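Student: Below you will find the structure I want to go over with you.
The values are calculated or read from the model by the stated rules, or taken from the named source; none is laboratory data. Because the structure is a prediction, the values reported are computed rather than measured. Glycine gets a Cβ as well: all are built from the backbone with ideal geometry, and neighbour counts include every protein chain shown. Calculation scope for accessible area: heavy atoms of the full protein, side chains included, ligands and nucleic acids excluded. Shrake-Rupley method; radii C 1.70, N 1.55, O 1.52, S 1.80 Å.
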Amino acid sequence: MSLARYVITRVATAPLLVIILLTITFIILRVLPGNPVTVILGPKANPAFVKEVEHELGLDKPLWLQYIDFLIDAFTGHFGISYRWRVPVSELIWPRVAATVELTLYSSIIAILLALVVALLSSKFKIFDKFARLYTVATYAIPVFWLGLILQLIFGVYLKWFPTSGRIDPEILILHPVHPITGLLTIDALIEGNWPVFINALEHLVLPAVTLGFVISGVMSRTLRQAMIEALTSDYVRAARARGIPEKRILINYGLRNAIIPFIIIAGLQIALLLGGAVLTESTFGWPGLGTFLVESILARDYNAVQAAIVIYAFIVVIVNTVVDIIYSLIDPRVRY
Amino acid sequence: MLIKVILHNSMDVKILEIIDLEIMYRVGRKSVIAVRDVSLAIEKREIRAVVGESGSGKSTLASAVLRVLPGNARIVRGSIMFDGVDLLKLPEREMRRIRGSRIGIIFQDPSATFNPVMRVGDHIAELLYVHRGTRWEEGLKVAESLVKRFGIPSERVYDYPHQLSGGMKQRFCIAMAIATNPELVIADEPTTALDVVTQMQVLSMLRELRDEYGTSIMFITHDLSLALSISDNVTVMYGGEIVEEAPSDDLRREPLHPYTQMLLECIPRLRQRLDFRRFEKESIELPSTRGCIFSNRCRYARERCLREEPPLIDLGGRRVRCWLYE
């Protein structure tokens with residue numbers, strides 16, 4: 001089978017996965033105790049008024065009809081009206097997604113760079129490996145909100161190098177307005193050459209991105225280090241040394257090129273997780289992303305908003321997985337598709 | 001004790017000369033001797049077989065020549081002269097330039113030779129790029145014409161290692177080993193992983209190599225009959241020492257050392273019933289005495305053999321380590 005056909009089948013099977021996820025979400029939300037109307041109106045509301053609101057929100061319809069409505073909404077990208085805010089969920093959610101994507105983008109870059117450096121050094125130098133092990137344990141053990149708070153304290157409060165919360169200072173945005181093209185402030189600012197916004201947004205990104213990047217770089221560097229050592233102690237590396245291939249070439253062409261294969265899978269999973277919204281980090285830094293949105297919506301029993309967030313999360317995971325599989329098949333000649 | 005290598009050869013005919021080599025492995029806290037008192041010389045255009053069972057030190061010898069011994073190995077003494085230069089005294093940078101360029105190597109397991117994410121032709125292109133500075137596309141062209149000569153369609157150069165059969169991979173390995181036109185090729189059990197038909201192809205390729213390019217070949221094997229069929233001279237190793245060395249024809253006609261005799265008796269001949277019983281019950285443990293290392297398996301072992309280690313006795317044209325020929 002050709003690569004093109006492989007890609008097509010992979011993409012074509014993705015919606016099926018999304019439908020399964022949507023169904024599970026729908027069921028769980030209905031099974032969950034609590035009623036959105038009582039959350040909106042309070043426990044002592046007039047029963048007649050409750051009925052009226054239920055009708056308005058479509059909650060009096062039979063479940064299967066609600067399910068069909070929900071699926072149609074999901075695939076048309078409308079997601080219905082937010083019970084809490086009384087505006088279309090789509091208006092609320094896309095800026096949140098953009099914020100999360102932006103944070104993920106920078107944390108992934110930081111994590112991958114950290115992982116590459118740590119893994120390359122620790123597979124090459126025994127002494128550094130001890131430090132690298134400590135580093136990994138630290139990334140597992142340090143709670144992300146605690147690390148966030150400490151960084152805020154040091155770099156935000158004492159040194160005053162970076163702002164501690166939000167995506168951008170509102171006055172900067174008012175003085176230098178940006179047209180949302182991608183929704184990612186740094187990218188949009190860059191496209192328009194809007195330097196004040198770009199720099200301000202970047203400053204806001206530093207602390208949350210470093211926090212998140214540090215946390216996920218542990219798993220990444222460990223995977224990469226393991227795969228590097230496996231590759232560098234293999235027979236084909238021994239054979240390459242016996243052919244007089246220089247060490248630098250061996251490290252990159254034989255070590256890294258083989259080790260990058262398992263690394264991409266782990267990195268892809270981590271990035272997919274981040275895209276779903278890093279709830280703790282986003283809360284710590286007041287980052288208006290998907291994670292905080294999901295938590296707020298669940299607490300308010302805002303069904304449509306929760307469903308929307310989960311649909312987007314499902315799409316993101318499926319897309320990232322598909323992309324990872326395609327990259328995997330491109331770099332590993334042994335993969336049969 | 002040490003008998004100096006045959007000295008009637010002038011320096012320029014020898015491509016490789018190993019002198020009084022001793023190598024130890026650290027295993028846990030103990031040291032184990034892998035190679036001891038080994039001196040041998042390989043001439044230009046010579047095919048030399050080094051025969052021995054597992055643990056005889058023959059592969060350690062090969063790794064030592066290329067200086068790619070594992071980390072727990074230590075060269076205690078000796079020198080390895082290659083074209084008049086002691087390889088053991090060379091700085092690593094210069095040694096790297098010799099590996100794969102002036103000394104080629106073929107390993108036992110061809111599937112462990114190739115990087116799984118590189119095309120087989122890229123390996124040859126890389127080798128030429130590293131040692132000769134050849135441009136990559138040119139290297140691939142060289143690879144194409146090389147493998148064509150060994151009966152492989154040239155487009156297979158663009159295949160990945162997992163797409164080739166074992167025999168084809170081994171022929172690629174040989175093509176790669178000679179791509180830089182080396183003066184010496186070390187073949188470490190190159191045919192062990194192959195079927196009989198492919199074995200013969202590989203052997204004839206090696207012989208062709210010597211005949212056409214005058215390459216010297218150090219052919220390491222556990223199979224004495226194979227060794228006799230391809231080589232000019234045979235060195236038999238046992239327990240890390242050379243026990244016998246002779247021209248192949250002489251060795252076939254008249255093996256001197258009791259170990260070589262036993263090996264030869266084990267080679268099956270047509271219309272002959274085999275008697276393997278002799279080897280069946282034997283331990284391959286080396287004796288703990290200070291005497292001859294083969295004494296506990298030797299049918300002629302006398303009291304002196306247990307006490308005193310025999311030197312490698314020069315019988316003019318051949319050498320043997322046994323008191324019988326004193």
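Student: Considering only residues that are aromatic (Phe, Trp, Tyr) and under 19 Å from residue B:181 (Cα atoms), which ones fall in the range B:107-158? Reasoning before the result, please.
Tutor: Of the residues in the range B:107-158, the ones aromatic (Phe, Trp, Tyr) are B:107, B:114, B:129, B:136, B:150, B:158.
Correct list: B:107, B:129, B:136, B:150.
Student: Now a separate question. Just give me the residues in the range A:316-337 being more than 13 Å from chain B (Cβ to nearest Cβ) and part of a loop (DSSP other than H, G, I, E, B), in sequence order. Step through it out loud before you land on a result.
Tutor: Applying the first criterion (more than 13 Å from chain B (Cβ to nearest Cβ)) to the range A:316-337 yields A:316-327, A:337.
If the condition is that a residue be more than 13 Å from chain B (Cβ to nearest Cβ) and part of a loop (DSSP other than H, G, I, E, B), then A:337 is the only one that fits.
Student: Turning to a different aspect of this structure: Quick one: how many residues across the range B:94-107 are charged (D, E, K, R), more than 7 Å from chain A (Cβ to nearest Cβ) and assigned to a strand (DSSP E or B)? Before the answer, list the steps.
Tutor: From the range B:94-107, those charged (D, E, K, R) are B:94, B:96-97, B:99, B:102; that's our starting set.
Within this subset, residues satisfying the condition of being more than 7 Å from chain A (Cβ to nearest Cβ) are B:94, B:102.
From the residues that got through so far, the ones that are assigned to a strand (DSSP E or B) too are none.
So the count comes out to 0.
Student: So, one more: Only one of (1) modelled with pLDDT of 85 or more; (2) surrounded by fewer than 17 Cβ atoms within 10 Å (Cβ to Cβ); (3) more than 17 Å from residue B:212 (Cα to Cα) fails for residue B:188. Which number is that?
Tutor: Result: residue B:188 passes all but (2).
Student: A follow-up question, please. Six or more apart or on different chains, Cβ atoms under 7 Å: show the pairs whose first residue is in the range A:61-74 and touching a residue at least 12 places away in the same chain (Cβ under 8 Å) and whose second is in a helix (DSSP H, G or I) and surrounded by 15 or more Cβ atoms within 10 Å (Cβ to Cβ).
Tutor: Once the first residue is touching a residue at least 12 places away in the same chain (Cβ under 8 Å) and sits in the range A:61-74, its partners that are in a helix (DSSP H, G or I) and surrounded by 15 or more Cβ atoms within 10 Å (Cβ to Cβ) give A:67/A:26; A:70/A:26; A:70/A:307; A:71/A:22; A:74/A:22; A:74/A:311.
Student: Kindly list the number of the only condition in (1) within 14 Å of another protein chain (Cβ to nearest Cβ); (2) polar (S, T, N, Q); (3) touching a Gly at 6+ places or on another chain (Cβ under 7 Å) that fails for residue A:281.
Tutor: (1)
Student: Go through the residues of the range A:252-261 one by one and say whether even a single one is part of a helix (DSSP H, G or I), modelled with pLDDT of 85 or more, away from chain B (no Cβ under 14 Å) and closer than 16 Å to residue A:327 by Cα.
Tutor: Keep residues of the range A:252-261 that are part of a helix (DSSP H, G or I), which gives A:252-261.
Now restrict to residues that are modelled with pLDDT of 85 or more: A:252-261.
Next, from what is left, pick out any that are away from chain B (no Cβ under 14 Å): none.
Taking every residue of the range A:252-261 in turn, none turns out to be part of a helix (DSSP H, G or I), modelled with pLDDT of 85 or more, away from chain B (no Cβ under 14 Å) and closer than 16 Å to residue A:327 by Cα.
Student: Of the residues that make up the range B:46-66, is at least one within 12 Å of another protein chain (Cβ to nearest Cβ) and free of Cβ contacts under 8 Å to residues at least 24 places away in the same chain?
Tutor: yes
Student: How about the range A:1-83: which helices (runs of 4 or more DSSP H) wholly inside it have at least 2 residues that are under 30 Å from residue A:325 (Cα atoms) and open to solvent by 90 Å² or more (accessible area, probe 1.4 Å)?
Tutor: On the way: elements: A:3-31, A:36-41, A:47-57, A:63-76.
It comes to A:3-31, A:63-76.
Student: (1) within 14 Å of chain A (Cβ to nearest Cβ); (2) open to solvent by less than 30 Å² (accessible area, probe 1.4 Å); (3) farther than 23 Å from residue A:255 by Cβ; (4) modelled with pLDDT under 85: which one isn't true of residue B:110, the others all being true?
Tutor: (3)
Student: Return the total of residues in the range B:206-221 being assigned to a helix (DSSP H, G or I), open to solvent by 10 Å² or more (accessible area, probe 1.4 Å) and not aromatic (Phe, Trp, Tyr). Walk me through it before giving the result.
Tutor: Of the range B:206-221, the ones assigned to a helix (DSSP H, G or I) are B:206-213.
Now narrow it down to the ones that are open to solvent by 10 Å² or more (accessible area, probe 1.4 Å): B:207-208, B:210-213.
When the remaining residues are screened for being not aromatic (Phe, Trp, Tyr), the result is B:207-208, B:210-212.
Total satisfying the criteria: 5.
Student: Could you list, in sequence order, the residues of the range A:144-162 that are under 17 Å from residue A:218 (Cβ atoms) and in contact (Cβ under 8 Å) with a residue 60 or more places away in the chain?
Tutor: Within the range A:144-162, A:144, A:145, A:147, A:148, A:151 meet the criteria.
Student: Restricting to the range A:220-241, give me the number of residues that are part of a helix (DSSP H, G or I) and open to solvent by less than 40 Å² (accessible area, probe 1.4 Å). Please lay out each step first, then the result.
Tutor: The first filter runs over the range A:220-241 and keeps only residues part of a helix (DSSP H, G or I), leaving A:220-232, A:235-241.
When the remaining residues are screened for being open to solvent by less than 40 Å² (accessible area, probe 1.4 Å), the result is A:220-221, A:223-225, A:227-228, A:231-232, A:236-237, A:239-240.
Selection size over the range A:220-241: 13.
Student: Continuing with the same structure: Which of (1) at pLDDT below 90; (2) farther than 28 Å from residue A:247 by Cβ is the odd one out, the single condition residue B:39 does not satisfy?
Tutor: Every condition holds for residue B:39 apart from (1).
Student: Looking only at the range B:233-251, which residues are open to solvent by 10 Å² or more (accessible area, probe 1.4 Å) and either at pLDDT below 90 or not charged (D, E, K, R) (or both)?
Tutor: Let us first name the residues in the range B:233-251 that are open to solvent by 10 Å² or more (accessible area, probe 1.4 Å), namely B:233, B:239, B:245, B:247, B:249-250.
Hits for the range B:233-251 are B:233, B:239, B:247.
Student: So for the range A:40-48 (the condition being under 11 Å from residue A:307 (Cα atoms) and β-branched (Val, Ile, Thr)), does at least one residue qualify? If you could, list the steps in order and put the result at the bottom.
Tutor: Initially, the range A:40-48 is screened for residues under 11 Å from residue A:307 (Cα atoms), giving none.
Taking every residue of the range A:40-48 in turn, none turns out to be under 11 Å from residue A:307 (Cα atoms) and β-branched (Val, Ile, Thr).
Student: Counting just the residues of the range B:123-149 that are facing chain A (nearest Cβ under 9 Å) and over 24 Å from the mean Cα position of the chain (by Cα), which one comes out least open to solvent (accessible area, probe 1.4 Å)? Talk me through it step by step, then tell me what you get.
Tutor: To start, the set of residues in the range B:123-149 that are facing chain A (nearest Cβ under 9 Å) comprises B:123, B:126-127, B:130-131.
Narrowing the set further to residues that are over 24 Å from the mean Cα position of the chain (by Cα) leaves B:126, B:130.
Details: B:126: 0, B:130: 34 Å².
So the residue we want is B:126.
Student: Having 3 or more residues that are buried (at least 21 other Cβ atoms within 10 Å of the Cβ) is the bar; report the strands (runs of 3 or more DSSP E) wholly within the range B:22-93 that clear it. Even if it seems obvious, please write down each step before you answer.
Tutor: Numbers: elements: B:30-43, B:47-51, B:73-82.
So the answer is B:30-43, B:47-51.
Student: Filter the range A:174-199 down to the residues that are open to solvent by less than 60 Å² (accessible area, probe 1.4 Å), within 21 Å of residue A:97 (Cβ to Cβ) and either assigned to a loop (DSSP other than H, G, I, E, B) or touching a residue at least 24 places away in the same chain (Cβ under 8 Å) (or both) and list them by number.
Tutor: At the first step, the residues of the range A:174-199 found to be open to solvent by less than 60 Å² (accessible area, probe 1.4 Å) are A:178, A:183-189, A:193-194, A:196-198.
Next, from what is left, pick out any that are within 21 Å of residue A:97 (Cβ to Cβ): A:178, A:183-189, A:197-198.
Correct list: A:178, A:183, A:184, A:185, A:186, A:187, A:197.
Student: Among the numbered criteria (1) open to solvent by less than 10 Å² (accessible area, probe 1.4 Å); (2) away from every other protein chain (no Cβ under 14 Å); (3) β-branched (Val, Ile, Thr), which one does residue A:210 miss?
Tutor: Exception for residue A:210: condition (1).
Student: Now for a separate question. Restricting the search to the range A:229-247, which residues are more than 10 Å from every other protein chain (Cβ to nearest Cβ) and at pLDDT 90 or above? Can you show your working first?
Tutor: First pass over the range A:229-247, keeping only residues more than 10 Å from every other protein chain (Cβ to nearest Cβ): A:229-230, A:232-233.
Within the range A:229-247, none qualify.
Student: Counting only residues that are within 14 Å of chain A (Cβ to nearest Cβ), out of contact with any His (no Cβ under 9 Å at 6 or more places or on another chain) and open to solvent by less than 30 Å² (accessible area, probe 1.4 Å), how many does the range B:160-172 have?
Tutor: Of the residues in the range B:160-172, the ones within 14 Å of chain A (Cβ to nearest Cβ) are B:160-164, B:169-170, B:172.
Narrowing further to those that are out of contact with any His (no Cβ under 9 Å at 6 or more places or on another chain): B:160, B:162-164, B:169-170.
Now restrict to residues that are open to solvent by less than 30 Å² (accessible area, probe 1.4 Å): B:164, B:169-170.
Qualifying residue count for the region: 3.
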